[in-house]
Amino acid sequence: MARTITFQQAINEALAQEMERDPSVVVFGEDVVGGAGAPGEDDAWGGVLGVTKGLYPKFPGRVLDTPISESAIVGAAAGAAASGLRPVAELMFVDFVGVCLDQIYNQAAKFRYMFGGKAVTPMVIRTMFGAGIRAASQHSQSLYPIFTHIPGLKVVVPSTPYDAKGLLIQAIRDDDPVIFLEHKVLYTVEGDVPEEAYAIPFAEANVLREGDDVTLVAVGRMVHLAEQAAEALAGEGIECEVVDLRTTSPLDEDTILESVENTGRLVVVDEANPRCGLAADIVARVTQEAFGELKAPPRMVTPPHTPVPFSPILEDAYVPTPETIAEAVRSIAGAPAAA
Amino acid sequence: MIDKLGMPKWGLSMTEGRLIEWLVDEGAELTVGDEVAEVETEKINGVVEAPAAGILRRRVAAENEVIPVGGLLGVIADASVTEAEIDAFVADFQAGFVPGETEEDAGPQPQTVATETGVLRFLVQGEGGEPLVLLHGFGGDLGNWLFNLDPLSGGRPVYALDLPGHGGSSKQPADLLAALRAFLDSQGIARAHLAGHSMGGLVAADLALAEPDRVLSLTLIAPAGLGEEINREYIDGFIAATGRRDLKPVLQQLFADPGLVTRSMIDDVLKYKRLDGVREALQTLRDRLFPDGRQARVVALDRYGGPLLVIWGERDEVIPAAHAQAAPAQAETHVLADVGHSPHMEAAGEVNRLLERFLAGGQAGRSEEETMLVPKTMIVEQLRARGDTEAAERADRELGEKVDTEQDAGLLADLQIDTRKLVESFRGQSPAVG
């Protein structure tokens with residue numbers, strides 16, 4: 001039965017249930033045990049934010065702290081996956097991906113292709129991303145477009161506790177490398193989550209709200225902001241359809257196109273940088289596939305093309321808000337019917 | 001006497017509803033159960049019925065307005081109540097109303113019980129009187145009874161059960177009849193009225209045939225088990241669908257009006273279908289009950305002598321309404337026009353009324369004005385008892401298995417049968433047990 005838990009608890013539960021079900025699932029990364037060298041359970045913090053808390057005593061030998069070496073963590077995961085385990089490696093902040101990108105995009109992502117489909121690489125990299133907690137430019141980026149760009153990787157950006165659990169379970173059971181991106185600000189968000197295990201298939205976008213005027217596409221934290229904008233706009237007589245992509249690769253293009261064919265108007269909300277980003281990609285695909293359906297130019301709502309600022313005032317101004325989203329919608333919605 | 005017409009709570013998650021349309025004007029005379037307004041919820045649209053007799057004195061909610069569960073839609077009162085009193089009632093109510101704090105809003109919460117057939121989830125509402133147990137169909141759950149649970153729970157406990165493999169019950173394959181028995185035992189229910197939809201109807205019929213002493217009456221809503229045909233496309237499509245786009249056309253086959261299938265309803269079914277074990281459980285049931293697109297089990301319902309109500313939607317696309325003809329002679333059968341495979345949802349008000357009357361009246365529940373179908377055997381027996389062998393033979397020869405008191409009135413008169421007395425004796429018949 002479903003009950004209310006947080007995004008963070010949902011991730012923890014997915015890990016625990018899959019480790020219980022499948023002994024080949026192992027978890028490792030910096031501080032995932034968090035015991036600072038002590039063997040005892042008391043010191044097992046379960047990661048900087050406690051997401052993996054409780055796994056260490058429950059699954060002896062299968063939750064491992066690693067040295068501070070992302071290339072070693074991800075390299076070990078790729079090798080373990082290629083030789084029979086299902087590792088869930090943690091990259092504390094996605095911003096650290098630079099030092100292990102070779103292991104991800106040149107190794108893990110290539111195995112299936114290089115070995116003629118004979119090798120599978122069932123690894124998951126869980127990682128934190130996103131602005132909003134005053135962590136400055138080196139701990140606040142939204143780098144999912146980098147992974148989305150690479151064939152051979154699957155990229156998940158969940159927005160709710162329900163989705164986080166079901167998509168993580170799917171990621172662990174999947175035979176390809178999956179990058180699972182958790183927005184820091186969402187960890188405390190609560191929602192209804194079934195106690196039982198369940199898997200949400202990839203490339204199945206979630207339509208959170210139906211509307212005939214404008215299609216609003218988003219992922220991760222931006223989904224919540226898009227919903228708030230849609231709620232406010234409904235009061236002005238503009239009905240938005242809110243589409244949560246859930247996965248940026250594979251992409252559920254059909255749901256986007258189906259919605260745009262109905263609304264004729266598209267706004268994509270993306271926390272990543274605007275150049276070569278997710279929003280640019282979606283807008284390009286829709287323009288190419290459904291140009292004839294469009295009643296107005298598609299709009300992208302993104303931060304400016306700069307690093308995430310450390311100044312709280314600037315950081316707040318940097319990230320899209322319900323107001324900037326609503327403004328973009330208004331600019332293409334035409335005269336609202338009932339304003 | 002002033003009665004509140006409130007926003008009902010349909011289903012566990014409903015917190016508010018949007019008033020689509022008033023179906024009656026202010027000043028209209030209402031009797032209990034009259035359809036008053038149409039309401040849209042996240043899940044499904046429904047019709048609000050008058051909770052009390054009187055005049056609709058005030059329409060408080062406007063069309064298109066969103067009202068929380070328990071909130072005020074209108075006021076019903078008789079003519080003697082003054083406008084000032086109505087104003088005061090409305091003002092009082094609105095001043096004291098806090099959404100989420102009313103009884104309607106809390107509603108009954110599902111419970112679970114561990115049995116030898118696994119964990120079973122159920123919901124119970126109402127108390128006193130003979131219990132009624134509701135059994136959903138293939139792929140459904142206790143939430144399918146959202147429009148029925150509350151209206152039927154006046155004066156009796158109504159149980160809605162999740163069958164194994166469904167809803168919040170265990171997903172391990174289990175024998176459905178064994179699970180129903182285990183559930184009744186766990187709740188200390190010695191005898192109950194059973195109402196089952198589709199596959200749930202088959203389970204209910206199975207218990208009625210196996211242990212007639214346990215079943216006070218049987219209501220079958222578009223049941224499985226009365227014939228071989230079943231829509232294979234529906235069953236296989238339901239199992240195979242993994243996303244919204246595949247599932248929507250499948251669910252639309254459940255209703256005559258496909259517009260009833262909302263995004264939220266599809267989401268709920270997808271959430272259920274994603275749970276570990278569900279796919280296997282559904283496949284097991286399909287292979288056992290509906291292999292190769294046919295129903296493997298057609299029950300000998302004519303061996304059941306107890307009170308029987310059969311309700312079908314004329315436009316059922318899953319199990320043909322023609323199967324209703326296989327119901328035994330004593331059955332009270334209703335085939336509802338413009339309704340699909342889910343009459344308890346699509347024509348909830350009508351189904352609730354039929355069930356309520358049936359449960360109250362034992363054998364038959366038709367009103368005085370309606371014609372009545374009476375088993376031929378009863379007439380033949382009465383004529384024999386009277387010693388009129390010739391008339392008995394003629395009745396046996398010329399009447400169909402089910403005698404329509406209106407259409408066959410001429411012949412009944414010839415045979416000197418008083419139809420009014422016949423109907424009365426038919427109604428008064430105590431449930432056959434054993």
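The values are calculated or read from the model by the stated rules, or taken from the named source; none is laboratory data. Since the structure is predicted, the reported quantities are computational estimates derived from the model, not experimental observations. As a convention, Cβ positions derive from the backbone with ideal geometry for all residues, glycine included, and neighbour counts pool all protein chains shown.
Quick one: which of B:Glu85, B:Glu40, B:Glu63 is loosely packed, with under 15 Cβ neighbours inside 10 Å, in the same structural domain as B:Ser13 (by TED's automatic domain parsing) and either free of Cβ contacts under 8 Å to residues at least 60 places away in the same chain or over 16 Å from B:Lys4 (Cα atoms) (or both)? Residue meeting the stated conditions: B:Glu63. For the condition modelled with pLDDT of 90 or more and under 28 Å from B:Trp312 (Cβ atoms), B:Glu83 does not qualify. Taking each residue of region B:158-172 that is more than 13 Å from every other protein chain (Cβ to nearest Cβ) and looking for partners that are of a type in the set (Phe, Trp, Tyr) with beta-carbon atoms closer than 7 Å, six or more apart or interchain, yields B:Tyr159/B:Phe122; B:Ala160/B:Phe122; B:Ala160/B:Trp145; B:Leu161/B:Phe122; B:Leu161/B:Phe183. Summed over region A:1-30, the residues that are small (Gly, Ala, Ser), at pLDDT 95 or above and farther than 18 Å from A:Met123 by Cα give a count of 1.
Among residues of region B:263-281 that are over 14 Å from A:Pro194 (Cα atoms), those with a Cβ under 7 angstrom from a residue that is part of a helix (DSSP H, G or I) and hydrophobic (A, V, I, L, M, F, W, C), sequence gap 6+ or separate chain, pair up as B:Met265/B:Leu251; B:Ile266/B:Leu247; B:Ile266/B:Leu251; B:Arg279/B:Ile239. Do the conditions hold for A:Ser137, that is, is it of a type in the set (S, T, N, Q) and surrounded by fewer than 18 Cβ atoms within 10 Å (Cβ to Cβ)? Answer is yes for this residue.
Considering region B:225-243, the residues that are under 18 Å from B:Leu285 (Cβ atoms) and within 14 Å of chain A (Cβ to nearest Cβ) include one that is surrounded by the most Cβ atoms within 10 Å (Cβ to Cβ), namely B:Ala241. When B:Ser198, B:Ser186, B:Ser264, B:Ser217 are checked against the criterion of being within 13 Å of chain A (Cβ to nearest Cβ) and of a type in the set (Ser, Thr, Tyr), B:Ser264 stands alone in meeting it. Taking the conditions (1) more than 30 Å from B:Asp213 (Cα to Cα); (2) touching a residue at least 40 places away in the same chain (Cβ under 8 Å); (3) away from chain A (no Cβ under 14 Å) in turn, B:Pro291 satisfies each one other than (2).
Note on region B:394-419: among residues that are closer than 15 Å to B:Gln330 by Cα and loosely packed, with under 13 Cβ neighbours inside 10 Å, the one that is modelled with the lowest pLDDT is B:Glu401. Residues that are surrounded by 21 or more Cβ atoms within 10 Å (Cβ to Cβ), modelled with pLDDT under 90 and among the small types (Gly, Ala, Ser) do not occur anywhere in region B:320-340. For the structure I just gave you, tell me whether A:Ile169 is in contact with a helix residue (DSSP H, G or I) (Cβ under 6 Å, 6 or more places away or on another chain), surrounded by fewer than 24 Cβ atoms within 10 Å (Cβ to Cβ) and within 14 Å of chain B (Cβ to nearest Cβ). Judged against the criteria, A:Ile169 is a match. From the list A:Ile104, A:Ile125, the one residue that fits, being over 22 Å from A:Ala16 (Cα atoms), in contact (Cβ under 8 Å) with a residue 12 or more places away in the chain and buried (at least 18 other Cβ atoms within 10 Å of the Cβ), is A:Ile104. Hand me the list of helices (runs of 4 or more DSSP H) wholly inside region A:65-161 holding 3 or more residues that are farther than 26 Å from A:Ala44 by Cβ. Hits in region A:65-161: A:111-114, A:144-148. Taking the criterion of being more than 27 Å from A:Ser140 (Cα to Cα) and away from every other protein chain (no Cβ under 14 Å), the residues of region A:194-228 that qualify are A:Asp213, A:Val214, A:Thr215. Within the option set B:Arg357, B:Arg353, being part of a helix (DSSP H, G or I), of a type outside the set (A, V, I, L, M, F, W, C) and without any contact (Cβ under 8 Å) to a residue 12 or more places away in the chain holds for one residue only, B:Arg357. Filtering region A:172-193 to residues that are assigned to a helix (DSSP H, G or I), away from chain B (no Cβ under 13 Å) and either of a type in the set (A, V, I, L, M, F, W, C) or buried (at least 24 other Cβ atoms within 10 Å of the Cβ) (or both) leaves A:Val185, A:Leu186.
Scan region A:39-55 and give yes if some residue there is more than 22 Å from A:Tyr187 (Cβ to Cβ) and at pLDDT 95 or above, otherwise no. No - not one qualifying residue is present in region A:39-55.
Among the residues of region B:244-261, those identified as within 14 Å of chain A (Cβ to nearest Cβ), surrounded by 18 or more Cβ atoms within 10 Å (Cβ to Cβ) and out of contact with any Ser or Thr (no Cβ under 8 Å at 6 or more places or on another chain) are B:Leu247, B:Val261.
Looking across region A:291-331, the residues that are within 16 Å of A:Asp213 (Cα to Cα), out of contact with any strand residue (DSSP E or B) (no Cβ under 6 Å at 6 or more places or on another chain) and surrounded by 12 or more Cβ atoms within 10 Å (Cβ to Cβ) come down to A:Glu293, A:Leu294, A:Lys295, A:Ala296, A:Ala326, A:Glu327, A:Arg330, A:Ser331.
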